[in-house]
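The values are calculated or read from the model by the stated rules, or taken from the named source; none is laboratory data. Treat the numbers as computed from the prediction; the structure is a model and nothing was measured. Don't worry about glycine lacking a Cβ; one is built from the backbone with ideal geometry, like all the others, and counts go over all protein chains shown.
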Amino acid sequence: MDSRKVKDLMVSLEDYAVIDEDATLFDAVVALEEAQAKIPPGRMKHRAVLIKDKGGKIVGKLGHLAFLKALEPKYSSLGDLKTLARAGLSAEFVNSMMETYKFWDYKFEDICRRAKNIVVKDVCHSIAENIDEEAPLSEAIHKFVMWQSLSIPVTRGNDIVGLIRLSDLYSEMAKVIKITCAVDSKET
């Protein structure tokens, strides 16, 4: 039986960037930088901010790609590009749509300036998936593969108490692979 649990690798909410749902993207950038400054040496930096509602419950997550999408005002009018591709629209057609919308017609600074007016609850991803803190790391591997996510909220009962990050799981997996494969090589 696997003794390693999700809680052994998770980052607790106290160590993560958490902001109110009415905060702006600017506030999210500041909170993320402050949380990253507290990360111990050797650990990967956070790549998301967690969003809490007025009751303090974690309701969303805003990662790097979501930041970029939020700053591009015309992006939302295209819809989900993955869905368009699955619907059979060719790459050429999607590229022609992007050409029509001229996403890149703005100065970088002007795009970034929008961050002070965009509210995070309008652009964050709702939290649908989670994993229990007592789950074995083998279950976490399965869920990361299944959900294709960079982090998964960790729960204790009905409350989110932290996040398990793909980078931390990978680091632990790589360490164990090197140990177990080295031992196996010596035994053969």
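Please name all residue pairs, on different chains or six or more residues apart, with Cβ atoms under 9 Å, provided the first residue is in region 50-73 and is under 15 Å from His125 (Cβ atoms) and without any contact (Cβ under 8 Å) to a residue 24 or more places away in the chain and the second residue is not in a strand (DSSP E or B) and not hydrophobic (A, V, I, L, M, F, W, C).
Note: pairs meeting the criteria are His64/Arg47; Leu68/Tyr75.
Name the residue, out of Glu72, Glu21, Glu33, that is surrounded by fewer than 13 Cβ atoms within 10 Å (Cβ to Cβ) and of a type in the set (D, E, K, R).
From the options Glu72, Glu21, Glu33, the qualifying one is Glu33.
I'd like the residue in region 129-167 that is assigned to a strand (DSSP E or B) and under 14 Å from the mean Cα position of the chain (by Cα) and, out of all such residues, is surrounded by the fewest Cβ atoms within 10 Å (Cβ to Cβ).
Top of the filtered list is Pro153.
Report, by residue number, each residue of region 64-120 that is at pLDDT below 65 and of a type in the set (A, V, I, L, M, F, W, C).
Leu78, Leu81, Leu84, Ala85, Val94, Met97, Met98, Phe103, Trp104
Within region 104-128, restricting attention to residues that are part of a helix (DSSP H, G or I) and in contact with a strand residue (DSSP E or B) (Cβ under 8 Å, 6 or more places away or on another chain), which residue is surrounded by the most Cβ atoms within 10 Å (Cβ to Cβ)?
Val120
Please enumerate the residues belonging to region 20-51 that are within 22 Å of Asp168 (Cβ to Cβ) and in a strand (DSSP E or B).
Ala48, Val49, Leu50, Ile51
Given the structure, is Lys178 over 25 Å from the mean Cα position of the chain (by Cα), surrounded by 10 or more Cβ atoms within 10 Å (Cβ to Cβ) and at pLDDT 90 or above?
Against the criterion (over 25 Å from the mean Cα position of the chain (by Cα), surrounded by 10 or more Cβ atoms within 10 Å (Cβ to Cβ) and at pLDDT 90 or above), Lys178 qualifies.
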